[in-house]
Every structure is written in C-alpha cells, then in structure tokens.
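Quick notes on the structure that follows.
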Amino acid sequence: SVQQFIELLRQEKISEAVEHARTSFSTFQGHSDQIDQHLEDVLALLAYKDPYTSPMGYLMTTTQREAVADAINSAMLEASSNVPTPYASSGGSKTSKSVLEKILVQLCRVQAEIRRKNENKGEIFNLEDHIA
C-alpha cells in the first residue's frame with residue numbers, strides 16, 4: 001500500500017496518490033509509533049515539488065523499492081511454506097517449490113548487487129526474460 005503510493009508519486013500522479021493515501025493508510029494508523037512515523041515520512045513526500053531531493057527522497061530510490069520487494073517476497077515465501085501446494089499433494093516435497101523460489105529471489109538479489117557494484121552500468125536483470 002505504501003509502495004503503491006510511492007509508485008504513484010514516481011509517475012507524478014499526485015491526486016491519485018493522495019486518494020490512495022486517504023483510502024489505504026487509515027487502516028495502518030495508530031497501530032504503533034513506528035508505523036505512524038513511517039506513514040508521516042511517506043506522506044511528507046507530498047510537501048516537496050521534487051520528492052527525490054527531499055529529506056525523505058530515499059523512499060523514492062530503487063534501493064528502497066528492492067527492499068520492499070524483498071520483504072514482500074520473504075513474507076510470501078514464508079506464507080507459502082505453511083500452505084500445501086499442488087506439487088506437495090502429488091507426492092512431491094512440500095518445500096521443493098519454496099526452495100526454488102528462495103533460489104530465484106537470491107538470484108535476483110545477486111544480479112542487483114552486481115549491477116550496483118558496477119555503478120549501475122549494464123542491463124537490469126529481469127527474471128521474466130530468462131523464464132521460458
């Protein structure tokens with residue numbers, strides 16, 4: 001939800017971002033001081049003509065986007081390891097899919113790190129380009 005807000009800001013869809021914040025962020029508000037502070041930081045991006053150069057500009061970076069994706073992927077992997085998969089019911093190992101997913105996530109992370117260490121030169125790794 002927060003990342004969707006940031007993506008709308010990246011696309012300069014300010015009114016849509018404001019509407020998204022109004023409808024989505026209220027469910028998170030008041031759960032903890034840490035969450036409230038994070039929401040405040042995210043909403044502060046609206047106060048700047050160029051949010052990339054604001055004190056909260058780090059939230060707009062690719063690094064932040066990758067961190068969010070990693071957190072979501074980890075949560076999905078954790079959840080999927082607790083739910084039986086069709087592969088598991090056909091006699092295969094329940095964890096086989098989770099292990100494969102973990103390896104693919106790690107591959108994406110390694111490729112992103114290689115590109116980062118190469119001063120962001122070179123082609124961005126896209127897993128979908130390598131899946132038949």
Just need a number here: residues in region 29-77 that are in contact with a helix residue (DSSP H, G or I) (Cβ under 9 Å, 6 or more places away or on another chain) and either closer than 22 Å to Lys13 by Cα or surrounded by 15 or more Cβ atoms within 10 Å (Cβ to Cβ) (or both). 29
I'm trying to understand the selection: among the residues of region 1-37, which are among the aliphatic types (A, V, I, L, M) and under 19 Å from the mean Cα position of the chain (by Cα)? Val2, Ile6, Leu8, Leu9, Ala17, Ala21, Ile35
Enumerate the pairs (first residue in region 52-64 and farther than 11 Å from Ile6 by Cβ and of a type outside the set (Lys, Arg); second residue anywhere and in a loop (DSSP other than H, G, I, E, B) and open to solvent by less than 10 Å² (accessible area, probe 1.4 Å)) with beta-carbon separation below 6 Å, excluding pairs fewer than 6 apart on the same chain, so at least 6 apart or on different chains. none
Has region 5-20 got any residue that is in a helix (DSSP H, G or I), among the hydroxyl-bearing types (Ser, Thr, Tyr) and in contact with a Ser or Thr (Cβ under 8 Å, 6 or more places away or on another chain)? no
Quick one: which of Ala112, Ala88 is modelled with pLDDT of 65 or more, small (Gly, Ala, Ser), surrounded by 13 or more Cβ atoms within 10 Å (Cβ to Cβ) and part of a helix (DSSP H, G or I)? Ala112
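The values are calculated or read from the model by the stated rules, or taken from the named source; none is laboratory data. On a predicted model such as this, the values are computed, not experimentally measured, just so you know. Please note: Cβ atoms are built from the backbone with ideal geometry, for glycine as well, and neighbour counts cover all protein chains shown. When the accessible area is computed, the model is the full protein with side chains, heavy atoms only, and any ligands, DNA or RNA have been set aside. Shrake-Rupley method; radii C 1.70, N 1.55, O 1.52, S 1.80 Å.
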